[in-house]
Amino acid sequence: MRILLVDDEVRLADGIRRGLEAEGMVVRVAHDGITGLDAARDGDYDAIVLDVMMPGMSGYRVCQTLRAEGDWTPVLFLTAKDGEWDEVEGLDTGGDDWLTKPFSYPVLVARLRALVRRGGRERPAVLEAGDLRLDPAARRAFRGDEEVTLTARELAVLDFLLRRRGEVVTKREIIANVWGDDFDGDANIVEVYIGHLRGKVDRPFDRSSIETVRGAGYRLAATGG
């Protein structure tokens, strides 16, 4: 397993490198964002561990640049920034996982192994189905050239449906991915939000992209309706 570690804390980075090498991994280390970006472009890595606040270029910008260039190597942000919006920004710029310092070393190793098992799958910056588009990072949705105003929860439901476009998804799957596995409210909340979405992205445009599949769930047409 080849890992690129980019962190400006030299002693910490050296300790992580030695620990990962003891696990049989091959590790390359960079201590600033620009050098890390160059290393990512030059090498073939199974995963990249990125600090956020670094000289030259932040980890966010490194990850965003790689994604824009079509590099989908899994990225784990390893940082002292522990605000929830910091994590949101990291994931929205293309990161795959987030671990806050101080961290558990076995957890770091386990998360890297999980990322590598999943592999570097392309995750387009803009989700599309026909002329229905969603930019998850900017939190903006469009039908053709017209922007559609959606609430945060409506955006989350549409995001999930677009990522699974053409597939039937159950209420339980939608709840798990939008509200979380520990949601204990009424499952009919899904119907409410599906209705909201239809009223905003379908009916005003004379479309019917969100289909009800009786006894199974919902499907967003791959063509966008």
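Any idea which of 8, 51, 38 is open to solvent by less than 30 Å² (accessible area, probe 1.4 Å) and more than 24 Å from residue 135 (Cβ to Cβ)?
One residue alone meets the criteria, 51.
Among the strands (runs of 3 or more DSSP E) contained in segment 142-225, which hold 3 or more residues that are without any contact (Cβ under 8 Å) to a residue 12 or more places away in the chain, hydroxyl-bearing (Ser, Thr, Tyr) and closer than 14 Å to residue 128 by Cα?
none
Quick check: anything in segment 167-183 closer than 25 Å to residue 90 by Cα, buried (at least 16 other Cβ atoms within 10 Å of the Cβ) and of a type in the set (Gly, Ala, Ser)?
no
List every residue pair whose Cβ atoms lie under 6 Å apart, where the two residues are 6 or more positions apart in sequence or sit on different chains, the first residue falls within segment 47-71 and is on the phi > 0 side of the Ramachandran plot, and the second residue, located anywhere, is modelled with pLDDT of 90 or more.
Qualifying pairs under 6 Å: 56/32; 56/33; 56/34.
Restricting the first residue to segment 73-90 and requiring it to be modelled with pLDDT under 70, which pairs with a second residue that is open to solvent by 40 Å² or more (accessible area, probe 1.4 Å) and in a strand (DSSP E or B) meet a Cβ separation below 6 Å and a spacing of at least six or different chains?
82/100
Sort out which residues of segment 11-35 are among the small types (Gly, Ala, Ser) and surrounded by fewer than 20 Cβ atoms within 10 Å (Cβ to Cβ), and write them in order of number.
Answer for segment 11-35, where residues must be among the small types (Gly, Ala, Ser) and surrounded by fewer than 20 Cβ atoms within 10 Å (Cβ to Cβ): 15, 19, 22, 24.
Exactly one of these conditions fails for residue 96: (1) under 14 Å from the mean Cα position of the chain (by Cα); (2) modelled with pLDDT under 80. Give me its number.
Of the numbered conditions (1) under 14 Å from the mean Cα position of the chain (by Cα); (2) modelled with pLDDT under 80, the odd one out for residue 96 is (2).
Restricting to segment 157-166, name every residue that is modelled with pLDDT of 85 or more and within 14 Å of residue 178 (Cα to Cα).
157, 158, 159, 160, 161, 162, 164 - these are the residues of segment 157-166 that are modelled with pLDDT of 85 or more and within 14 Å of residue 178 (Cα to Cα).
Go through segment 116-154 residue by residue and tally those that are modelled with pLDDT of 85 or more and either farther than 27 Å from residue 203 by Cα or small (Gly, Ala, Ser) (or both).
Residues flagged as modelled with pLDDT of 85 or more and either farther than 27 Å from residue 203 by Cα or small (Gly, Ala, Ser) (or both) within segment 116-154 amount to 4.
Of the residues 111, 28, which single one is touching a residue at least 24 places away in the same chain (Cβ under 8 Å), assigned to a strand (DSSP E or B) and not hydrophobic (A, V, I, L, M, F, W, C)?
After ruling out the rest, the residue left standing is 28.
The values are calculated or read from the model by the stated rules, or taken from the named source; none is laboratory data. None of the values given here were measured: they were computed from a predicted structure. Cβ sites come from the backbone with ideal geometry, for glycine too, and all protein chains shown count toward neighbours. Just so you know, the surface numbers come from the protein's heavy atoms only, side chains and all, with ligands and any DNA or RNA stripped out. Shrake-Rupley method; radii C 1.70, N 1.55, O 1.52, S 1.80 Å.
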